[in-house]
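Notes follow once the structure below has been shown.
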Amino acid sequence: MNSYNYLCFITLVKKEIFRFLKVGIQTVIGPAISSLLFLAVFSLALGRSIESINGIDLPYFIAPGLIMMTMLQNSFANSASSIGQAKFQGNIVDILMAPLNNLELALGYIIGSVCRGIICGIVTALGVLIFVPLQIYSFTALIFFTLMGCIMMGSLGTIVGIWADKWDQQQGITNFIVLPLTFLSGTFYSIARLPDFWQKVSSLNPFFYNIDGFRYAFTGVSDSSLLLGMIFLIIINIILILFCYLMFRKGYKIKF
C-alpha cells in the first residue's frame, strides 16, 4: 500500500467512524440503554428464583454477555447500513472510484464496524459497571474475543450490505438470523442446562463462542473449550473476509 492508497484507506475508515458518531445518541447511547434495560429486567425478574449460574451470581453472568451482544449487533449494523445506504442512494460509485484495491475496500468497512462495536461495548460496559462491578480475569481473552466478534459481524454486515437490494432484505437478515443467533448464544443462560441435542446445536453457533469467551474474560468460567472457540472464530473470520474481498472483486451488485 503506497502513501496515496494509505491516505485513501484511512479516509474511508474515518468516514465510517464519523458516520455513526454524528448520530451517537442513536448508534451508541441507544444500544447501551437497551442492554442496561435487559440487565435490569432479567436481574429483577429472575434474581430471586435464580441466584447464580455455574456458581456465578446472575448479574455477573448476564452482564458480559450483554456487552458482547451489543458489540456484535452494532458491528453488523454499521457496515450493513453504510453500504446499503450508499447503494440505495447511488453514491457507492464514489467509494469504488477511490484508488483502493478490493481488499482495502473490504477492510475499510470492516475496521469501521469494529470501531463502532468497540465504542458501543465500552459505553455499555461503563453503564453496566455502575450496577455490576465487573473485574477483568483475562485481558488476553477480553481483547481476542472482542476483536473476533466485531470482525465477524463487521464482515457479515459488509456481505449483507452488498447483497441486499432493499432495506427489507437487510432487516430480514437482522430479525431472522442475527437477533435469534445472539439471543440463543448463551447470553442469558448456560448451555450446560440444555438437553444434549441443543448443546450440540449451540456448539455450531459462532455467537456462542464469542459470548462464552468474553464472559470467561470476566469470570474465569466457560461452557466450552476456549481453544476450540478461538480456532473456530479465526476460521469463520478468514472465510467471511475472503467473501467480502471476492464480492468487491467481482463487483457483485455494486458495479453495473
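Taken together, the values in this text are just the output of simple stated rules run on the coordinates, not laboratory data. Every value quoted in this text rests on a predicted model; they were computed, and no experiment measured them. Cβ placement follows ideal geometry from the backbone for every residue including glycine, while neighbour counts extend to all protein chains displayed.
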- With the Cα gyration tensor of region 142-186 giving a ≥ b ≥ c as the square roots of its eigenvalues, does the rule (a/c under 1.5 for rounded; else a/b larger than b/c for prolate; else oblate) give rounded, prolate or oblate? oblate
- Note on the structure: Checked against the positive end of the charge dipole of the chain (+1 on Cβ of Lys and Arg, -1 on Cβ of Asp and Glu, about the Cα centre), the farthest of 219, 244, 56 is 244
- Message: For region 131-256, take the convex hull of the Cα atoms, compute a quarter of its surface area, and give me that in nm², please.
- Response: 9.3
- Can you pull the one-decimal nm distance between simple spin-label points at residue 143 and residue 101, each 7 Å off the Cα toward Cβ? 2.8
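If you add up the charges near residue 145, with Lys and Arg at +1 and Asp and Glu at -1, over every other residue whose beta carbon is less than 14 angstrom from its beta carbon, what do you get?
Once all neighbours under 14 Å are counted, the net charge is -1.
Provide the net charge surrounding residue 160, with neighbours chosen by a C-beta distance below 15 Å and charges set as Lys +1, Arg +1, Asp -1, Glu -1. Before the final figure, lay out each step's value.
Details: positive: 87, 166, 253; negative: 165, 168.
Net charge in that neighbourhood comes out at +1.
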- So how far, in whole Å, is the C-alpha centre of region 84-118 from the one of region 121-176? 18
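May I ask you to compute the full-extension gain from residue 168 to residue 253, defined as 0.36 nm times their residue separation minus their alpha-carbon distance, rounded to one decimal in nm? Don't jump to the answer; show the numbers that get you there.
Values: separation 85, 0.36 × 85 = 30.60 nm, distance 1.63 nm.
Extra length from residue 168 to residue 253 when fully extended: 29.0 nm.
May I ask you to compute the full-extension gain from residue 94 to residue 135, defined as 0.36 nm times their residue separation minus their alpha-carbon distance, rounded to one decimal in nm?
Working: separation 41, 0.36 × 41 = 14.76 nm, distance 4.51 nm.
Gain on extension, residue 94 to residue 135, equals 10.3 nm.
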- Under 5 Å between amide H atoms, partner at least 5 residues away or on a different chain: which partners does residue 57 have, H built in plane at 1.01 Å? none
- Message: Using only the Cα atoms of region 100-176, what are the Rg and Dmax in Å?
- Response: 15.5, 46
- Message: Using the Karplus curve 6.51 cos²θ - 1.76 cosθ + 1.60 with θ = phi - 60°, what ³J(HN,Hα) values do you get for each residue of region 51-62, in whole Hz, with x for Gly and Pro?
- Response: 7, 8, 10, 6, x, 10, 3, 3, x, 6, 6, 6
- Looking at the chain, which longest stretch skips every one of the trypsin sites (Lys or Arg not before Pro) that is in a DSSP loop with at most 15 other Cβ atoms within 10 Å, leaving the sites themselves out? 49-165
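If you take the beta carbon distance between residue 29 and residue 197 as r and set R0 to 45 Å, what does 1/(1 + (r/R0)^6) give as a FRET efficiency, to the nearest 0.05?
Numbers: r = 40 Å, r/R0 = 0.89.
It comes out at approximately 0.65.
Magnitude of the Cβ-charge dipole of region 3-250, K/R +1 and D/E -1, about the Cα centre, nearest 20 debye? Don't skip to the answer; put the middle values down first.
Details: 13 positive and 10 negative charges, 86 e Å.
Its charge dipole is roughly 420 debye.
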- Under the 7 Å Cα-to-Cβ spin-label approximation, residue 179 and residue 41 lie apart by a distance in nanometres of 1.1
